[in-house]
Structures are given as structure tokens and as C-alpha cells.
Amino acid sequence: SDEAPLDWTVRPDVWPQDCGHTYLVDRDPAAVPPPPVAQDAERWVADNDAVHGGASVVEATLRTNGAGPVVVEALHVRVVDRAEPQAGPAYATGAGCGGALSLAAFRVDLDETAPRARPTEGFDGESGEALPAPRLPFQVSDDEPLAVRVEAATEACDCGWYLEAEWSSGTERGTVRLDRDGRPFRTSGIEGNPRYVHDGVRWTPLVP
């Protein structure tokens with residue numbers, strides 16, 4: 001709400017480890033521009049009406065806005081619509097990378113009847129160390145914002161969804177909605193869709 005003692009920003013088009021990502025675009029390969037670099041993904045998604053294929057990574061940062069510390073109690077997932085996965089072509093923006101680093105995150109299985117944000121530890125392959133799972137509640141203060149990473153996946157739906165962060169400050173309580181500028185995030189399964197990769201010149205079919 002406008003009354004919430006929190007400000008927040010959302011990055012809705014983060015790539016796992018900046019290694020590329022798969023998008024559904026309802027256009028022929030010749031009409032789809034070359035894949036973007038990671039920092040330009042948000043504009044590329046908007047320009048091409050692209051939908052996240054298979055998984056989405058969202059990063060949100062919550063800060064206090066001057067009314068003292070705020071406790072973020074919980075993070076909830078709200079699925080607002082659920083349809084059959086989209087049937088169009090899937091475009092992979094990169095060849096992927098070795099899984100040397102998986103960041104700690106809240107993982108969401110959108111195919112569950114009531115999806116939940118489950119804290120999941122990460123792993124640093126170079127050091128061999130586990131990265132501790134995110135933990136709530138978390139006290140947000142002027143000098144300590146809360147950065148949240150959410151990885152949502154689906155095989156079976158074309159899902160519109162958003163996040164709700166539950167907060168408390170003294171006797172006040174409320175929720176803030178984290179979404180894509182007022183619209184839900186969208187993630188669709190891609191099982192069986194035609195897939196394309198970019199060879200530097202054009203999109204070419206990915207042979208299984």
C-alpha cells in the first residue's frame with residue numbers, strides 16, 4: 001500500500017548466473033532480433049513481448065523509507081492466472097555455462113496447487129562451499145536493505161504470478177506487492193516447443 005514504510009525495486013528479467021535464458025516469442029525466427037546481453041534483457045523482453053520459458057529469476061530489494069526499522073516477516077507467492085503452456089517457439093539467449101555458482105534463493109514450483117517460496121541454499125563450485133539459504137524474518141533498516149532472489153519454474157502452466165512481502169513495524173502490519181510495474185510476472189512451460197539458438201548470424205533450430 002502507499003502507507004507501507006518500505007520502498008522497493010524489482011528486477012524482473014535476471015538471468016541465472018548471467019549465462020543466458022530461454023524466452024517464448026510468438027514470432028518466426030527471422031522476425032526476432034539477436035539475443036541481448038544480460039543487462040539489456042528487460043528492454044528486449046518488452047520489445048518482443050517475450051515470456052520467460054521454463055523459469056524466471058526475479059530480484060527485489062526492499063528499503064525503509066525513513067520510519068525506522070521494519071521487519072519483513074514472510075514472502076508469499078500469488079498465482080493470478082493459470083493456462084496451458086504457450087506453444088510458440090522458444091529462443092535461448094546463450095549457450096549456458098558450467099554450474100560453478102548457484103546463488104541462494106527462494107525457489108518456487110509454480111506447478112504446485114498452492115506454490116510456496118522455499119528458502120534454498122546455493123553452492124559456490126569454485127570454493128566448494130554452500131551458500132546459506134535466505135532466512136526470514138529479516139529486519140530492514142536504513143543502512144541494511146533486504147535483497148531477495150526468487151527462482152520460479154514451471155513445466156505445466158503459462159502462469160501469471162506475483163510476490164507479497166509481509167511486513168511489520170511496531171504495531172503496524174501490512175503487505176507489499178512485488179511485480180512487474182503493476183503487472184504479474186509471467187512464466188510458461190516449454191516442454192516440446194520448437195527451440196532455437198543464435199549462431200551469431202541467425203536463429204537456428206536446436207536439434208535435441
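The values are calculated or read from the model by the stated rules, or taken from the named source; none is laboratory data. Note that the structure is predicted; figures quoted are calculated from it, not measured. Cβ: placed from backbone, ideal geometry, glycine included. Neighbour counts: every protein chain shown. Calculation scope for accessible area: heavy atoms of the full protein, side chains included, ligands and nucleic acids excluded. Shrake-Rupley method; radii C 1.70, N 1.55, O 1.52, S 1.80 Å.
With the largest listed first and rounded to whole Å, the semi-axes of the equivalent ellipsoid of region 15-140 from the Cα gyration tensor are 29, 20, 16. Amide hydrogen proximity for ARG195: with H placed 1.01 Å from N in the peptide plane, the residues at 5 or more positions away or on another chain lying under 5 Å are ALA90, LEU206. Quick one: Cα centre-to-centre distance for region 64-86 and region 138-208, in angstrom? Region 64-86 and region 138-208 have Cα centres separated by 11 Å.
With a cut-off of 15 Å between beta carbons, the residues surrounding TRP203 carry a summed charge of 0, where Lys and Arg count +1 and Asp and Glu -1.
Among residues other than ASP40 whose Cβ falls under 11 Å from its Cβ, what is the net charge (Lys/Arg +1, Asp/Glu -1)? With Lys, Arg at +1 and Asp, Glu at -1, the neighbours total -2. Heavy-atom surface analysis with a 1.4 Å probe gives region 38-101 a carbon and sulfur content of 48 percent of its accessible area. Extension gain, LEU131 to THR61, is 23.3 nm, computed as 0.36 nm per intervening residue step minus the present C-alpha separation. Considering all different alpha carbon pairs of region 61-198, the Kirkwood hydrodynamic radius works out to 17.1 Å.
How far, in nm, would the chain grow between GLN139 and ARG27 when pulled straight, counting 0.36 nm per residue and subtracting the alpha carbon separation?
On the way: separation 112, 0.36 × 112 = 40.32 nm, distance 4.54 nm.
In short, 35.8 nm is gained.
Over the C-alpha trace of region 156-203, radius of gyration and Dmax come out as 18.6, 59 angstrom.
Given the DSSP H assignment, sum -39500 (n - 2.57) over each helix run of at least 4 residues in the chain and divide by its residue total; what's the result at 222 nm in deg cm²/dmol, nearest 500? Mind dumping the intermediate values first?
On the way: 1 runs with 8 residues, N = 208.
The helix-only estimate for the chain comes to -1000 deg cm²/dmol at 222 nm.
Each peptide in 59-67, 102-110 was scored by the mean count of other Cβ atoms within 10 Å over its residues; highest first, the order is 102-110, 59-67.
The Cβ shell under 12 Å around ALA130 holds other residues with a net charge of -3, Lys and Arg each +1, Asp and Glu each -1. Note that the chain presents 54 Å² accessible area per residue, ligands and nucleic acids not counted, probe 1.4 Å.
Contact order for the chain, expressed relative to its length and based on alpha carbon pairs under 8 Å spaced 6+ residues apart, stands at 30 percent. Structure remark: mean-square fluctuation, Gaussian network model of the chain, C-alpha springs under 10 Å; the largest value among ALA153, ALA55, ALA133 belongs to ALA133.
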